[in-house]
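Below you'll find the structure, written out as structure tokens, and then a few comments.
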Amino acid sequence: MDGIAYNLLHSKNVIIGGGGFNLAAYVNPRVDELLDQARTTSGCAVADRLPLYREMQQIVHDEVAYDWLVSTTQVHVLNSRINDSYIGQWDGLLPITFPNWSISG
């Protein structure tokens with residue numbers, strides 16, 4: 001949970017100027033504090049971190065930090081003469097890769 005919550009919700013990760021993945025530019029000092037405490041809890045025991053994450057989750061739920069209302073569909077078109085290419089679903093990398101591509105005919 002830590003990596004996802006920290007990346008999406010901590011104010012240090014706001015894209016504007018921060019270069020992070022807080023796409024909604026969500027800022028809440030208490031959420032930042034809870035995420036920081038959970039990351040630095042001695043021993044990192046789940047039982048010790050759980051109350052911090054539960055409080056953080058409740059705040060984020062109540063404030064609706066994110067509301068994914070749009071889901072886009074992408075259509076990729078590739079000429080059949082292009083060889084050794086890959087078009088796949090988003091897997092954290094670009095969905096289209098051409099490591100050793102060539103053109104035939």
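Since every read-out is calculated from the coordinates, none of them should be taken as a lab result. A quick note: this is a predicted structure, and the numbers were derived from the prediction, not measured. With ideal geometry, Cβ positions are generated from the backbone for all residues, glycine too; neighbour counts draw on all protein chains shown.
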Open item on the list: How far apart, in nanometres, would the label points at GLU33 and SER80 be if each is projected 7 angstrom from Cα along the Cα-to-Cβ direction?
Closed with: 6.4
Task: Potential extension, GLU63-THR41 segment - 0.36 nm per residue separation minus Cα distance - done: 5.4 nm
Task: Order by protection proxy (mean Cβ within 10 Å, highest first), peptides 5-11, 45-51 - done: 5-11, 45-51
